[in-house]
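The values are calculated or read from the model by the stated rules, or taken from the named source; none is laboratory data. Not measured: the values here are computed from a predicted model. FYI the Cβ positions are ideal-geometry reconstructions off the backbone, even for glycines, and counts take in every protein chain you see. For the accessible areas, the whole protein counts, side chains as well, though only heavy atoms, and no ligand, DNA or RNA atoms are used. Shrake-Rupley method; radii C 1.70, N 1.55, O 1.52, S 1.80 Å.
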Amino acid sequence: MAASGSNQSTAPNQLTEAERAAGWRLLFDGETLAGWRGYRREDAPASWTAVEGSLAFSPAEDRGDLITTENFDNFELLLEWKISPGGNSGIMFRVTEEHNWPWESGAEMQVLDNTGHVDGTNPLTSAGANYALHGPASDVTRPAGEWNEVRLIVDRSHVEHWLNGTKVVEYELWSNEWKVLVASSKFNEMPGYGLATKGHVCLQDHGDPVWYRNIKIRPL
């Protein structure tokens, strides 16, 4: 699929007229956590704040993963992330709340400092991966502290991970390949993993400082 959106707009956390006309909308206004809350709670953890135009995580006593208040089924998501040195986070989708943790239901696009974290030595757990199941075709990450551009397509069973303008992962949920990979992974013990057809977008608290901005979604 050719790119139908861009992470670059007139200014951070704003939409161009063309983006609005194409059906895009912001999930982060750049100033507040409106539209977001903690996983399995009504408020947002204190560790997540709006800082200088970024949705930022910094370790605090009140921690937890952050999810959209809305549920989404088929969509295209654009965002930018910046990770701290040695940091780890993730973007999950179609997350449901009947489990203790969001990663028990939602598949994850890995966010990582590949050069500073041990997970970067394994493609399956490196930045851009479909975590633990599909490794990226190449490492196109930018250094820790620099912004990386994500495009995530979730269209029924079809999923594409794009990072910095390059398609790095493509797979079909619920396919025979998917089932085999899940069965041979840690997700085999999670019966609801990756099965939901609708759910929340989730930003992971993995304990390391991380920043997100320009979070935009368009229904498919």
query: How much accessible area per residue does the chain have, in Å², with a 1.4 Å probe?
result: 43 Å²
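Would you please give the FRET efficiency between Ala46 and Ala18, computed as 1/(1 + (r/R0)^6) with r the Cβ-Cβ distance and R0 = 35 Å, to the nearest 0.05?
My answer for the efficiency is 0.40.
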task: Determine, from the Cβ-Cβ distance of Glu146 and Leu124 and an R0 of 22 Å, the FRET efficiency 1/(1 + (r/R0)^6), rounded to the nearest 0.05.
output: 0.40
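Can you give the net charge of the other residues whose Cβ lies under 11 Å from the Cβ of Met109, counting K and R as +1 and D and E as -1?
Net charge around Met109: -1.
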task: For n ≥ 4 DSSP H runs only, could you compute -39500 (n - 2.57) per run for the chain, divide by its residues and tell me the 222 nm figure to the nearest 500?
output: -1500 deg cm²/dmol
task: Compute the Cα gyration tensor for the range 163-220, then decide on rounded, prolate or oblate, letting a ≥ b ≥ c be the square roots of its eigenvalues: rounded whenever a/c is under 1.5, prolate when a/b is larger than b/c in the other cases, and oblate in all that remain.
output: prolate
statement: Answer in debye to the nearest 20: the dipole magnitude of the chain about its Cα centre, from +1 Lys/Arg and -1 Asp/Glu charges placed on Cβ, is 340 debye
query: If the cut-off is a Cα-Cα distance under 23 Å, which lysines reach Lys167, setting aside same-chain residues fewer than 8 apart in sequence?
result: Lys82, Lys179, Lys216
task: May I ask for the net charge around Glu31, where only other residues with Cβ less than 13 Å from the Cβ of Glu31 are counted and Lys, Arg are +1 while Asp, Glu are -1?
output: -1
statement: Labelled set (1) -0.24, -0.31, -0.81; (2) -0.36, -0.45, -0.94; (3) -0.30, -0.37, -0.86; log10 I(q)/I(0) by the Debye sum over Cα atoms at q = 0.08, 0.09, 0.14 Å⁻¹ computed from this model equals the value at (1)
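Between Glu160 and Asn71, what FRET efficiency comes out of the Förster formula 1/(1 + (r/R0)^6) with R0 = 22 Å and r the beta carbon distance, rounded to 0.05?
In this case the efficiency is close to 0.60.
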- request: Name the long-range amide H neighbours of Val210: under 5 Å, sequence gap of 5 or more, or other chain; modelled H, no Pro or chain starts.
  value: Phe57
task: Determine the share of the chain's accessible area contributed by carbon and sulfur atoms, expressed in whole percent, with a 1.4 angstrom probe.
output: 50 percent
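Please report the net charge: other residues with Cβ closer than 13 Å to the Cβ of Leu152, K and R +1, D and E -1.
On the way: positive: Arg94, Arg151, Lys167, Lys216, Arg218; negative: Glu76, Glu80, Glu108, Glu149, Asp155, Glu160, Glu170.
Neighbour charge sum, excluding Leu152 itself: -2.
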- prompt: What is the extension gain from Glu170 to Ala183, computed as 0.36 nm multiplied by their sequence separation minus the C-alpha to C-alpha distance, in nm to one decimal?
  reply: 2.8 nm
field: Residue list for the range 104-118, given a label point 7 angstrom along the Cα-to-Cβ vector of Leu195 and an amide N cut-off under 20 Å
entry: 104-108
